[in-house]
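Contents: one structure, followed by commentary.
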Amino acid sequence: MLPHLRAFGRSLTGNADLADDLVQETMLKAWKARAQYVPGPASMKSWAFVILRNCFLSQMRRRKFTAEYDEIAAERLLVAPDDQDDSLHLADVQRALLMLPVDQREALILIGAGQLSYEEGAAICGCAIGTMKSRVSRGRAALQAILESGDMPRRSSDELPSNEAFRAIMDHVDELTGGAPAPD
């Protein structure tokens, strides 16, 4: 469960360290509230995802009173080039994911990477199943458009992923989401 929480936390925050802090806070809250967990239609995994999401939203509300960290500006200060093509493509996808609205990003990560069902994802986000399917569908389309257009902040050494690389990524998402696009 922890790797899935970390992946979801990272997709929300865009930073591995912040995601680890978020997961740690989630696990502390879950441990304190363990007596309140009632086994039933919602799994323990879904319950933990709800706690993580609520922690993230609370942090976002508090964040409006603090200065924001500019990761792209920090990357420009780095001197060592990254010569690994796969990591470049993954970095492109990660930056494109961060450009998506939070609701679409959440849906893609929960359903695609988190391997949750649409029902579990909808319960975590507090929306209808059809809304969750629509968010996944719109998120996939927006992610594809961003990656194909190249309209994202990039490091100077990055190259756009090839169509084959993008299709491989989207095929993997298709496998995880059942392959059928959701109706809007």
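Extension gain for Glu119-Val38 works out to 27.4 nm (0.36 nm per residue, less the C-alpha to C-alpha distance).
Ranked by the mean number of other Cβ atoms within 10 Å of their residues, highest first, the peptides 101-113, 134-146, 24-36 come out as 101-113, 134-146, 24-36.
Each value in this text was obtained by applying a stated rule to the coordinates, not by laboratory testing. Quantities reported herein were computed from a predicted structural model and do not represent experimental measurements. Cβ coordinates were reconstructed from backbone atoms using ideal geometry, including for glycine residues, and neighbour counts include every protein chain displayed.
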